[in-house]
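Every number in this text was worked out from the coordinates using simple rules, so none of it is lab data. In this text, all values refer to a predicted model and were calculated from it rather than measured experimentally. Please note: Cβ atoms are built from the backbone with ideal geometry, for glycine as well, and neighbour counts cover all protein chains shown.
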Amino acid sequence: MSGTVLALGAGAVTASGCVWYVPALADLRAGADRPGSRRLAAASCVTGWATASATAPLLLLGVPVLALLAAAAAGAGAAVVLRVRAAARRRREERDDAACWAAFGAAPARPEPRHPRYAFAGAVAAGLGLALVAALLLARGRAHGVSAPLAVAAPVAVAACALLAAALRAAPTTGRGGAAVRR
């Protein structure tokens, strides 16, 4: 598979990711109006999508696969570090809020439940990342005799399995009386 096709795919995926990175940019632009944990999570999102968008020009320039993977790993690592810091800060903010409410002698407001869409988005992103890595490795393997159908089918199968797993995880289950209940 040529670098041009992979660059076109990376560009299309990055463009379609605007539903995640545009709100994250708005959170970053809001500055102190948003909690610190939310700004860190937004920075993580923007870093991840910027890494994905940076792969397209690198693919067009014909950068070696190992250099491309190193750049992608560096960006993904930065995004993961920011996300972990955001989660830790969120827990700290919740503890501080609980302490403030306890000082008033009232019960703290219950935190919002975690939305399954985050789990879905994470599973989709992980699956697409694995599919991209599989495509890059199989493209490199084409020089060593890997067949074209395998080079196309393997990443598609990885992405399809990730989408199926994400859909099954995010699907509502049925509770008592047939009411839909989220896991």
In nm, to one decimal, how far is the modelled label at GLU94 from the one at ALA12, with both set 7 Å along Cα→Cβ?
3.9 nm
So, with points 7 Å from each Cα along the Cβ direction, the LEU25-ALA50 label distance in nm works out to 1.2 nm
In whole Hz and in residue order, list the ³J(HN,Hα) couplings for segment 134-144 that follow from phi through the Karplus curve 6.51 cos²θ - 1.76 cosθ + 1.60, θ = phi - 60°; x for Gly and Pro.
4, 5, 5, 5, 6, 5, 5, x, 4, 5, 10
Output the direction-averaged projected area (hull surface divided by four) of the convex hull of the alpha-carbon atoms of segment 1-94, in nm².
6.3 nm²
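Using 0.36 nm times the number of residues separating LEU150 and ARG85, minus their current alpha carbon distance, what extension gain do you get?
Using 0.36 nm per residue and subtracting the Cα-Cα distance, I get 19.5 nm.
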The simple spin-label model distance between ALA126 and ARG142, using points 7 Å out along Cα→Cβ, in nm, is 3.0 nm
